[in-house]
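Laboratory data are not the source of any read-out in this text; all were calculated from the coordinates shown. Note that the coordinates shown come from a computational prediction; the quantities given were computed from them, not determined experimentally. Glycine also receives a Cβ, built like all others from the backbone with ideal geometry; neighbour counts cover every protein chain displayed.
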Amino acid sequence: MTRSDVTPTPWTALRGLTPARIALGRAGSSLPTAPHLEFQLAHARARKAVHLGLDLPALQADLAGLELPMQTVASAATDRAMYLQRPDLGRQLDRASRDAIAAPEGGCDLAIVIADGLSALAIQSNAASFLSLVVPMLRQMGLTLGPPTIATQARVAIGDEIGASLRARMVLVLIGERPGLSSPDSMGLYLTHDPKPGRTDEARNCISNVRAAGLSYPEAAQKLIFLITQARKLGLTGIHLKDEAEPLAAIEPRRNFLIE
Amino acid sequence: MPSYSHTIGGQTWRFDTLAQLMAKATPERSGDHLAGIAAIDAEERAAAQLALADLPLAAFLHDAVVPYEDDEVTRLIIDTHDARAFAPVAHLTVGGFRDWLLSDATDGAALEALAPGLTPEMVAATSKICRNQDLILIARKVRVTTRFRNTLGLPGRLSTRLQPNHPTDDPAGIAASILDGLMFGNGDAIIGINPASDSLPAATRLLHMLDEVIARYDIPTQSCVLTHVTNSIELIRRDVPVDIVFQSVAGTQAANSSFGIDLALLAEGRAAALSQGRGTLGDNVMYLETGQGSALSANAHHGVDQQTLEARAYAVARTCKPLLVNSVVGFIGPEYLYDGRQIIRAGLEDHFCGKLLGLPMGCDICYTNHAEADQDDMDNLLTLLGVAGITFIMGIPGSDDVMLNYQTTSFHDALYARKVLGLRPAPEFEAWLQQHGIFDAQGRMADELPSMFRQAITGAA
């Protein structure tokens with residue numbers, strides 16, 4: 001039997017505790033061939049996800065169950081290459097979209113924007129299911145909702161212009177986050193009180209990593225409802241609105257084996 | 001307002017402002033194109049570099065790239081400038097200063113004494129006329145040592161921040177990454193978690209957990225949860241064990257304001273951390289992160305190029321006497337640093353500028369999946385920064401941050417850099433690794449599982 005040049009890392013049993021690439025073994029102190037090439041494949045796949053377009057008809061069909069009038073807008077970035085290099089254009093509506101948006105009578109409490117961001121896959125996989133959970137909760141709170149707006153080649157701040165056009169008192173942006181090697185489908189939620197162009201990140205609250213293998217829909221929804229409730233009470237979002245939401249009692253974190 | 005020009009063979013190149021001269025002279029990057037301030041082509045860039053090289057260093061004390069009246073960072077730079085420290089180079093031009101820095105007569109002690117006399121704009125200007133090898137050679141001369149529970153930045157040492165991020169902040173998942181990192185000799189700079197949730201209860205749980213792990217295994221290191229400074233202040237008020245206070249900082253008042261901070265708040269954060277008295281060896285109690293492009297991203301750049309603004313962030317950082325400063329170089333994306341080439345150049349510039357200004361510079365050698373970069377680019381930057389004497393890098397499992405969704409250096413990468421460059425971890429941490437059989441006397445990983453962790457791993461499985 002020949003001796004292997006790969007030294008195992010004898011804590012592979014911990015792999016079930018995290019999606020992180022732990023216990024990969026070592027060749028000398030370097031990465032062995034197998035995990036090295038696995039990484040290269042994952043990188044190639046994540047690169048592909050960045051350039052995937054949003055399947056609008058499929059998304060619209062998925063959202064139909066919300067029974068809300070929908071609209072679709074585009075940012076001023078006309079294609080993916082421009083989107084990647086010109087974030088300023090991804091924050092603005094193109095002219096046709098700007099002209100097309102009409103505010104509902106009396107505005108609305110909350111406008112919902114569904115933006116492709118850097119991962120259309122994240123939106124395709126998560127947006128409709130998450131909203132089908134959250135929209136009934138929002139209605140129960142007595143909030144008036146603007147028409148959900150699908151925005152393509154869009155960045156978070158496009159919600160400010162859309163929210164202002166809809167005369168919304170708050171805007172919620174669901175957006176595809178930058179694809180990770182192990183999570184090409186991660187969705188972010190951004191809540192902004194009194195949206196208008198020129199708002200910056202300190203005026204927003206963010207809930208990140210909403211996806212099947214990340215923050216679950218019920219957990220994300222609970223955090224979001226907490227933030228919306230507080231934002232209405234305080235009349236603001238951003239760094240002065242601290243997320244004090246306790247995790248759902250049902251979700252018990254596993255114990256930390258290092259200290260227990 | 002003075003204007004700047006350079007004549008080559010009858011053709012005169014004119015630059016209306018100091019900010020414009022700096023922007024045109026800076027090596028090409030996508031963020032300066034995005035801002036509409038980059039040189040038109042390589043010839044205009046070279047002409048601007050020639051004009052910049054002729055500029056006296058002292059000119060930066062009289063002409064600000066961001067107006068003094070409008071910006072507290074400019075006021076900080078001008079009002080705290082140490083004329084006596086500046087005296088040895090006060091007569092030099094930018095080009096002459098580059099030669100002075102390269103001279104064999106200029107050593108680490110001279111550079112340490114000079115730091116308070118340098119402004120960010122002076123070192124940024126100099127970096128623009130340096131080749132990569134100059135940025136490496138000069139930075140390598142500088143030593144910046146900081147302390148909390150161990151000693152960071154000593155010659156021949158390379159430290160790592162162990163970054164055990166988890167997509168839902170699960171304690172067991174985080175513990176698994178911490179163990180993986182410790183076994184690979186990572187974590188001497190800090191064990192620092194980017195929390196997935198920015199909530200105070202979540203940060204509280206994580207801080208207690210890190211505190212218990214460090215205490216249980218008696219690890220000579222420190223911990224941090226990378227949350228906003230106002231959160232850390234509140235957590236300290238609630239008697240949560242905060243070792244190190246974190247904050248992202250930028251080079252203009254408006255950009256800092258977009259982060260929800262100003263200089264007074266940073267001072268408040270530092271005072272809160274000091275009030276706990278948790279450091280055993282020193283009082284460097286802050287961990288700061290920066291990155292080229294952050295001011296432009298916040299629409300707060302005043303027409304100044306992103307590399308100069310990054311250097312100005314270091315003026316903000318040095319008011320905090322930080323334990324660690326980390327330029328998160330490739331995180332921001334291709335609209336600011338387009339590809340591996342631009343990321344590598346920016347990483348070397350940031351390390352050079354930070355070190356000359358007296359900061360314990362590290363670098364998050366990283367890229368995102370929407371940038372034109374890959375692992376080979378990171379290997380290049382890691383090797384170059386290792387040679388340049390970088391204080392610390394990140395260490396994560398398998399280069400894949402499963403929470404922040406980007407790629408940075410792995411635990412394995414840190415061992416590669418230490419091996420090829422003959423570098424070791426911080427002395428107190430190195431002694432701990434050997435004492436517990438994680439590393440052998442030659443500094444190599446042991447083949448056997450150390451007894452200290454055997455029980456914990458068995459129990460977890």
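Using DSSP, restrict attention to beta bridges with both residues in the protein assembly as shown and report what percent are antiparallel, rounded to the nearest 5. Write out the running numbers ahead of the final one.
Numbers: 28 of 69 bridges.
Close to 40 percent.
Within 12 Å, Cβ to Cβ, of B:Met183, how many net charges do the neighbouring residues add up to if Lys/Arg are +1 and Asp/Glu are -1? Mind showing how you got there, number by number?
Details: positive: A:Arg26, B:Arg454; negative: B:Asp180, B:Asp447, B:Glu448.
Cβ neighbours under 12 Å give a net charge of -1.
When only Cα pairs under 8 Å and 6 or more residues apart are kept, what is the percent relative contact order across segment B:43-127?
Numbers: 68 pairs, mean separation 34.2, N = 85.
In percent, rounded to a whole number, it is 40.
Please report the spacing between the Cα centers of segment B:111-168 and segment B:221-290 in Å, no decimals.
Segment B:111-168 and segment B:221-290 have Cα centres spaced 20 Å from each other.
Going by average Cβ neighbours within 10 Å, how do the peptides B:225-234, B:17-26, B:378-387 rank, with the highest at the top?
Details: B:225-234: 22.6, B:17-26: 24.3, B:378-387: 20.8.
Highest to lowest by the protection proxy: B:17-26, B:225-234, B:378-387.
Mind counting lysine pairs for me in chain B? Cα separation below 29 Å, and the two need to be 8 or more apart along the chain or on different chains.
Lysine pairs, 8 or more places apart or on different chains, close enough: 11.
By how many nm would the segment from A:Met141 to A:Ile225 lengthen if fully extended, with 0.36 nm per residue of separation less the alpha-carbon distance? Show your work: numbers first, answer last.
Working: separation 84, 0.36 × 84 = 30.24 nm, distance 0.92 nm.
Stretched fully, the A:Met141-A:Ile225 segment lengthens by 29.3 nm.
Among B:164-170, B:202-208, how do they line up by average Cβ neighbours within 10 Å per residue, starting with the highest? Could you put the intermediate results ahead of the total?
On the way: B:164-170: 23.9, B:202-208: 20.6.
So the peptides B:164-170, B:202-208, ranked by packing, come out B:164-170, B:202-208.
Run the helix sum for chain A: -39,500 (n - 2.57) per DSSP H stretch of 4+ residues, divided by residue count, reported at 222 nm to the nearest 500 deg cm²/dmol. Kindly include the intermediate steps, with their values, before the conclusion.
Working: 8 runs with 90 residues, N = 260.
Here the helix-only value at 222 nm equals -10500 deg cm²/dmol.
Inside 10 Å of the C-beta atoms of B:367-373, what's the mean count of C-beta atoms belonging to other chains? Please list the in-between numbers first.
Values: counts 1, 6, 16, 12, 4, 2, 0.
For peptide B:367-373, the averaged partner shielding equals 6.
Normalising by the residue count of chain B, find the relative contact order in percent from Cα pairs under 8 Å and 6+ residues apart.
Relative contact order comes out at 19 percent.
In peptide B:176-186, how many Cβ atoms from other protein chains are near each Cβ within 10 Å, on average? Don't jump to the answer; show the numbers that get you there.
Details: counts 13, 6, 3, 8, 10, 1, 1, 6, 5, 1, 0.
Mean partner-chain Cβ count within 10 Å for B:176-186: 5.
Pairing the Cα long axis of helix B:375-388 with the longest principal axis of chain B, what angle in degrees results, from 0 to 90 and rounded to the nearest 10?
80 degrees
Quick one: of the DSSP bridges fully inside chain B, what percent are antiparallel, nearest 5?
On the way: 12 of 37 bridges.
Of all bridge pairs located within chain B, approximately 30 percent are antiparallel.
With runs of 4+ DSSP H residues as the only contributors, calculate the mean residue ellipticity of chain B at 222 nm using -39,500 (n - 2.57) per run, divided by the residue total and rounded to the nearest 500. Don't skip to the end; give the middle numbers.
Numbers: 21 runs with 209 residues, N = 461.
One gets -13500 deg cm²/dmol as the mean residue ellipticity at 222 nm.
Quick one: net charge of A:Gly235's neighbours, Cβ under 14 Å, K/R +1, D/E -1?
Working: positive: A:Arg169, A:Arg232, A:Lys233; negative: A:Asp109, A:Asp194.
The answer is +1.
How high is the relative contact order of chain A? Use alpha-carbon pairs under 8 Å, at least six apart in sequence, and give a whole percent.
Over chain A, the number comes to 17 percent.
Specify the inter-centroid distance of segment B:360-430 and segment A:1-49, based on alpha-carbon positions, in whole Å.
Cα centroid of segment B:360-430 versus Cα centroid of segment A:1-49: 17 Å apart.
Peptides B:67-77, B:250-260, A:168-178, B:136-146: what's the order by average Cβ count within 10 Å, highest mean first?
Details: B:67-77: 17.7, B:250-260: 23.8, A:168-178: 25.9, B:136-146: 20.2.
Ranking the peptides B:67-77, B:250-260, A:168-178, B:136-146 by packing returns A:168-178, B:250-260, B:136-146, B:67-77.
For segment B:146-435, just say rounded, prolate or oblate: build the C-alpha gyration tensor, square-root its eigenvalues into a ≥ b ≥ c, call rounded for a/c under 1.5, and beyond that prolate if a/b exceeds b/c, oblate if not.
Working: a/c = 1.39, a/b = 1.08, b/c = 1.28.
Taking the square roots of the gyration eigenvalues as a ≥ b ≥ c, segment B:146-435 is rounded.
Let me check I've understood the local charge: for B:Leu135, count other residues with C-beta under 12 angstrom from its C-beta, Lys and Arg +1, Asp and Glu -1. What total comes out?
Working: positive: B:Arg98, B:Lys128, B:Arg131, B:Arg140, B:Lys141, B:Arg345, B:Lys355; negative: B:Asp134, B:Glu349, B:Asp350.
Value of the local net charge: +4.
Would you list which lysines come within 18 Å of A:Lys242, measuring only between C-alpha atoms, while excluding same-chain residues fewer than 8 positions from it?
Answer for A:Lys242, where 18 Å is the Cα cut-off: A:Lys223, A:Lys233, listed by chain and number.
Membrane-span-like helices in chain A: DSSP H runs reaching 24 Å or more (Cα, own axis), mean Kyte hydropathy at least 0.5? Each step should come with its number before you reach the end.
On the way: long enough: A:33-51 (28 Å, -0.43); A:120-140 (30 Å, 1.00); A:217-234 (25 Å, 0.12).
For chain A, where a helix must reach 24 Å along its axis and average at least 0.5, the hits are A:120-140.
Other chains near A:4-17: what is the mean number of their Cβ atoms within 10 Å of each residue's Cβ? Mind dumping the intermediate values first?
Numbers: counts 0, 0, 0, 2, 1, 7, 7, 12, 2, 5, 11, 3, 5, 12.
Mean shielding by partner chains, rounded to a whole number: 5.
When a/c is below 1.5 the answer is rounded, else prolate if a/b is larger than b/c, else oblate, so apply that to the protein assembly as shown with a ≥ b ≥ c taken from the square roots of the Cα gyration tensor eigenvalues. Please list the in-between numbers first.
Details: a/c = 1.62, a/b = 1.10, b/c = 1.48.
Oblate.
Could you tell me how many degrees, from 0 to 90 and to the nearest 10, lie between the Cα long axis of helix B:411-421 and the main elongation axis, the longest principal axis, of the Cα atoms of chain B?
60 degrees
Which angle between 0 and 90 degrees, to the nearest 10, do you get for helix B:263-276 versus the longest principal axis of chain B when only C-alpha atoms count?
30 degrees
What spacing in nm lies between the two simple spin-label points modelled at B:Ser451 and B:Ile8, each 7 Å away from Cα in the Cβ direction?
About 6.9 nm, to one decimal.
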